[in-house]
Amino acid sequence: MASSLTVRSLRKRYGAVEALRGVDLEVGEGELVGLLGPNGAGKSTLVKILVGLVRPSGGSAQVGGAPAGSRAARASLGYLAELFRFPGWYTADEVIELHQRLAGSRGGAAERARLLELVALADAGGRRVEGMSKGMQQRLGIAQALVGAPRVLILDEPTSALDPVGRRTVRLLLEQLRGDGVTVLLNSHLLSEIELVCDRVAILLGGRLVATGTPHELSQPRGVEIETDEGVRLFPAATREDMPRLVAEAVSAGRGVYAARVLTSTLEDVYLEAVGGETS
């Protein structure tokens, strides 16, 4: 798989504070990777370097094969900042049109209509930003990040203001983009959303990458749980292979078996273990 985002030995120092301490990360074409970590872990610094807002102190970062921050890198990149602001007097259509001019997109009204429809704002093109809910503004922010059909997307907390329906809309959109070969780096505190949609996760702590892999690869077995007419019993040392024997033993003992589950750690468990309980 060709790499769309490549970070090698990336370091960044702000005076006495070392925000990144030699981070290595690759994100392939069409891959959706979730970036996790508590506040101060270095996530924002990494994102700012990738989009060209901050220069690294050492190492390298590339976007679409070009140095991060270069004209070629920025041309292939769509970005949604965590704290963004659109002029309140602009309509949704005018916001997209403004970003078309900034990005040099020639998609015109057809592109604007398509993007607003993608984020479930097809009927809100004429509505002013100041009259929109926070969730609608968040979806408009995602739409502007897609102007010009970028091949790489960096989204910082894109679902933070959304209700469950809005989060599902964004999740389906991300899955569609992945199917189209678009690379997405998703920075979010919503672990359940990351677990649902991301191919891999990368966990930063203290400026270092402390864990990376698919949610399945990072999960750990937690035993087997058997539900009978006497209640639920946990066998913490058991594995999937032990389940038929455990069920047979319960039946032989005259118990009615209602359910049997193999337990594994959730992404939240993995995250808490990786960061050692540090708060976000």
Problem - Extreme residue, positive dipole direction of the chain, given options GLY126, PRO236, TYR14 (C-beta unit charges) - result: TYR14
Handout entry: Beta bridge orientation in the chain: antiparallel %, DSSP, nearest 5
Key = 65 percent
Exercise for the section: Just name one of GLY104, ALA81, LEU185: the one whose Cα is farthest towards the positive end of the charge dipole of the chain (beta-carbon charges, Lys/Arg +1, Asp/Glu -1). Expected result: GLY104
Practice task
Could you work out which residue, out of SER60, SER133, SER219, moves most in a Gaussian network model of the chain, that is, has the largest mean-square fluctuation with Cα springs under 10 Å?
Solution key: SER133
Exercise for the section: Percent of Cα-Cα pairs per 10 Å bin, from 0 to the last occupied bin, for region 89-194, please list those. Expected result: 15, 49, 32, 4
Problem - Net dipole in debye of the chain [+1 Lys, Arg Cβ; -1 Asp, Glu Cβ; about Cα centre; nearest 20] - result: 1240 debye
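Ignoring the sites themselves, what is the longest stretch of the chain with no trypsin sites (Lys or Arg not before Pro) in a DSSP loop and at most 13 other beta-carbon atoms within 10 Å?
It works out to 107-280.
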Completion exercise
Taking max minus min of the Cα coordinates of the chain on each principal axis, largest first, gives extents in Å of 73, 48, 34
Problem - Gap separating the Cα centres of region 15-76 and region 198-273, nearest whole Å - result: 34 Å
Completion exercise
Distribution output for region 221-264: share of Cα-Cα pairs per 10 Å bin in percent, first bin at 0, values 33, 58, 10
Problem - MRE, 222 nm, helices only [DSSP H, n ≥ 4, -39500 (n - 2.57), over the chain, to nearest 500] - result: -9500 deg cm²/dmol
Problem - Percent RCO, i.e. relative contact order, over region 221-264, from Cα pairs under 8 Å lying at least 6 residues apart - result: 54 percent
Completion exercise
Per-residue Cβ contact counts at 10 Å, fewest first, order HIS99, HIS189 as HIS189, HIS99
Practice task
Please get the size of the charge dipole for region 194-274, origin at its Cα centre, with Cβ charges of +1 on Lys and Arg and -1 on Asp and Glu, quoted in debye to the nearest 20.
Solution key: 140 debye
Practice task
Write down, largest first, the equivalent ellipsoid semi-axes of region 166-262 in whole Å, where each equals the square root of 5 times an eigenvalue of the alpha-carbon gyration tensor.
Solution key: 38, 17, 12
Practice task
State, as an integer percentage, the relative contact order of the chain based on alpha-carbon contacts under 8 Å between residues 6 or more apart.
Solution key: 21 percent
Exercise for the section: Could you list the residues of region 207-221 with an amide nitrogen less than 13 Å from a label point located 7 Å from the Cα of ASP269 in the Cα-to-C-beta direction? Expected result: 216-221
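Coordinate-derived values only; no laboratory data. What you are looking at is a predicted structure, and each value in this text was computed from that prediction instead of being measured. FYI the Cβ positions are ideal-geometry reconstructions off the backbone, even for glycines, and counts take in every protein chain you see.
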